[in-house]
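Peer 1: Dropping a structure here in structure tokens format, bear with me for questions.
The values are calculated or read from the model by the stated rules, or taken from the named source; none is laboratory data. Everything numeric here is computed off the predicted structure, so don't read it as measured data. Heads up, the Cβs are rebuilt from the backbone with ideal geometry, glycines too, and the neighbour counts pull from every protein chain shown. Accessible surface areas use protein heavy atoms only, side chains included; no ligands, DNA or RNA. Shrake-Rupley method; radii C 1.70, N 1.55, O 1.52, S 1.80 Å.
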Amino acid sequence: MNILVTGGAGYIGSHTSIALIESGYNVIIADNLCNSSRKTVEQIMKITNKELTFFQIDVTDPESVETIFENCEIDSVIHFAGLKAVGESVVNPLAYYYNNIVSTLVLVNACRKYDVNRFVFSSSATVYGNNKIPFTESMDLLSTTNPYGETKAMSERILTDIAKANPDFSVTLLRYFNPVGAHESGLIGDDPNGIPTNLMPYITQVVKGKLKELQVFGNDYPTSDGTGIRDYIHVVDLAAGHVAALENLSEGVHVYNLGTGKGTSVLELVKAFEEANDIRVPYKIVERRHGDIAECFADVTKAKRELGWATKRDIKSMCQDSWRFANRYKDKVALRNGN
Ligand code: NAD
Ligand code: WQD
């Protein structure tokens, strides 16, 4: 089976491509490399010891997308490609609405034209807004606080309407919680450009000495230690969730939370990172970050029941694997020096 993975050179897409290849699928990646590199595509082939097909294209471009459908017999699409920086989306909403909405429209249009009826979409827990925890799939969605989140909520609505009007079209919407960690090889992982905005890559850059200290955004939330609580999920578990979703695709629209169901506070994550890697994370408490919610974790019973999927990796392995990847070049230098 040929699976078109848009954004397959990115953080979650690359780990999912590995999981797909290891499950026997042929992977065709379409990525414009705006937030990734060709090197990651090579690393996927190195890790799996299998070939894949790579198209460096923009998935907002109908002609490029249709060339893929014309030349490869696509069975299913997993649509990861998108811009994902919350702060940037506030500054440049047009780029976010254009890229994230048009890519979805162009892909679905090609699917309809080439009779491809299996579509999995990367959504986000951000669509729940400031709902009551744990977040369950049946909740009414509250408005998100930024254009990025709106593009996810809008894409969900677009895909739902299309699936309703075309009963042969199967759509699965996957709402990810907070992906962290990296492949155990240390060859691929989360490699954001510039100063990271997410907690785990910020921690690894502090520990590497690239940034002075972690700023903990607020310790006056109504949580156990006052810091924000999130549901961190290992990216390899998240990747396995995509294979399960693909294998359970059925007519209509199905929505699943992909998380662990457990909340971890910022200070708990800092402590876990220190213990897992025997290293200190300097931090200071600062003001709350605008737009943050106190607590967010998933109800994961639906994914367990219907997809037969659950996470396997704990916070310790998330911290160890994140650090192994972030520290990869140091390892190379050590190897060259015979250490
Ligand atoms: P990423 O930036 O690492 O990967 C996205 C990939 O899409 C990149 O390789 C980028 O080059 C590519 N891309 C972007 N626009 C494109 C376009 N128009 N044409 C072709 N390629 C394009 O991000 P990620 O963390 O792997 O996220 C993957 C998906 O999951 C995104 O849709 C993101 O919004 C969603 N998501 C991510 C998180 C998270 O915290 N990482 C959480 C929830 C949802
Ligand atoms: C986690 C916790 C912060 C950085 C974002 C997006 C969401 C989704 C995942 C794509 C919070 C605290 C963080 C720092 C800190 N992405 N923190 N110091 O905000 O839960 O979710 O990424 O869909 O849409 O909004 O993740 O990693 O930024 O923050 O104290 O330097 O860490 O306040 O409590 P968030 P995050």
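Peer 1: In the stretch 194-339, if every C-alpha pair distance is counted and binned at 5 Å from zero, what percent goes to each bin?
Peer 2: Reading upward from the zero bin: 2, 9, 16, 18, 17, 15, 11, 8, 5, 2, 0, 0.
Peer 1: Apply the a/c threshold of 1.5 to the C-alpha gyration tensor of the stretch 11-122 and tell me whether it is rounded, prolate or oblate.
Peer 2: In terms of gyration-tensor shape, oblate.
Peer 1: Now, a different point. So if I average 1/r over every pair of distinct C-alpha atoms in the stretch 207-291 and take the inverse, what Kirkwood radius in Å does that give?
Peer 2: 15.5
Peer 1: What nm value, rounded to one decimal, do you get for the distance between residue 70 and residue 53 when each label is placed 7 Å out toward the C-beta?
Peer 2: 1.3
Peer 1: While we're looking at this one, here's another question. About the Cα centre of the chain, what is the dipole size in debye to 20, counting +1 per Lys and Arg Cβ and -1 per Asp and Glu Cβ, all else neutral?
Peer 2: 980
Peer 1: Please list, in order, the residues from the stretch 2-19 whose amide nitrogen is less than 15 Å from a point placed 7 Å along the Cα→Cβ vector of residue 317.
Peer 2: 19, by backbone N distance to the label point.
Peer 1: Using only the Cα atoms of the stretch 107-203, build the gyration tensor, take square roots of its eigenvalues as a ≥ b ≥ c, and label the shape rounded, prolate or oblate: rounded if a/c is under 1.5, else prolate if a/b is larger than b/c, else oblate.
Peer 2: oblate
Peer 1: A follow-up question, please. Within the stretch 237-339, list the trypsin sites (Lys or Arg not before Pro) lying in a DSSP loop whose Cβ has at most 12 other Cβ atoms in a 10 Å radius.
Peer 2: Passing sites in the stretch 237-339 are 280, 312.
Peer 1: Then there is this: Any idea how far the Cα center of the stretch 58-102 sits from the one of the stretch 156-194, in Å?
Peer 2: Taking the Cα centre of the stretch 156-194 as reference, the centre of the stretch 58-102 is 12 Å away.
Peer 1: Another question, if that's okay. Would you mind checking the stretch 257-286 for residues with the amide N under 11 Å from a putative spin-label position 7 Å along Cα→C-beta of residue 225?
Peer 2: Hits in the stretch 257-286 for residue 225 at 11 Å: 264-275.
Peer 1: If all Cα-Cα distances of the chain are sorted into 10 Å bins from 0 onward, what percent lands in each bin, rounded to whole numbers?
Peer 2: Final binned percentages: 6, 26, 36, 24, 8, 1, 0.
Peer 1: Within the stretch 129-167, which trypsin sites (Lys or Arg not before Pro) sit in a loop by DSSP and count at most 12 neighbouring Cβ atoms inside 10 Å?
Peer 2: Those satisfying the criteria are 132.
Peer 1: Provide 139, 200, 154 ordered by accessible surface of protein heavy atoms (probe 1.4 Å), highest first.
Peer 2: The ordering from most to least exposed comes out as 154, 139, 200.
Peer 1: On to the next question. Could you please tell me the mean projected area of the C-alpha convex hull for the stretch 33-95, averaged over all directions and given in square nanometres to one decimal?
Peer 2: 5.7
Peer 1: Name the lysines eligible as straight-distance cross-link partners of residue 284: C-alpha to C-alpha under 20 Å, and not fewer than 8 places from it in the same chain.
Peer 2: Output for residue 284: 208, 210, 212, 271.
Peer 1: Tell me the mean residue ellipticity at 222 nm calculated for the chain from its helices only (DSSP H runs of n ≥ 4, each -39500 (n - 2.57), averaged over every residue, nearest 500).
Peer 2: The helix-only estimate for the chain comes to -12500 deg cm²/dmol at 222 nm.
Peer 1: With the cut-off at 1.5 for a/c, could you classify the stretch 272-311 from its C-alpha gyration tensor as rounded, prolate or oblate?
Peer 2: Since a/c reaches 1.5 but b/c is at least a/b, the shape of the stretch 272-311 is classed as oblate.
Peer 1: Sticking with this one: Once fully extended, how much extra length lies between residue 287 and residue 115, figured as 0.36 nm per residue of separation less the alpha-carbon to alpha-carbon distance?
Peer 2: Full extension of this stretch gives 56.8 nm more.
Peer 1: Can I ask one more? For the chain, which whole-number percentage of the solvent-accessible area (1.4 Å probe, protein heavy atoms only) is attributable to carbon and sulfur atoms?
Peer 2: After summing per-atom areas, the C and S share lands at 49 percent.
Peer 1: Something else now. I want to check the label-to-label distance for residue 39 and residue 140. Put each point 7 Å from Cα in the C-beta direction and report it in nm to one decimal.
Peer 2: According to this spin-label approximation, the distance is 4.9 nm.
Peer 1: Further question on the same structure: In the chain, what percentage of the DSSP-assigned beta bridges are antiparallel, given to the nearest 5?
Peer 2: So the antiparallel bridges amount to about 5 percent of the total.
Peer 1: Using the Kirkwood radius over Cα pairs, work out the Stokes-Einstein diffusion coefficient for the stretch 69-146 at 4 °C and 1.567 mPa s, in µm²/s as a whole number.
Peer 2: This corresponds to a translational diffusion coefficient of 89 µm²/s.
Peer 1: Select from the stretch 1-59 those GluC sites (Glu not before Pro) which occupy a DSSP coil region and have at most 14 other Cβ atoms within 10 Å, ordered by residue number.
Peer 2: Hits after loop and neighbour filter: 51.
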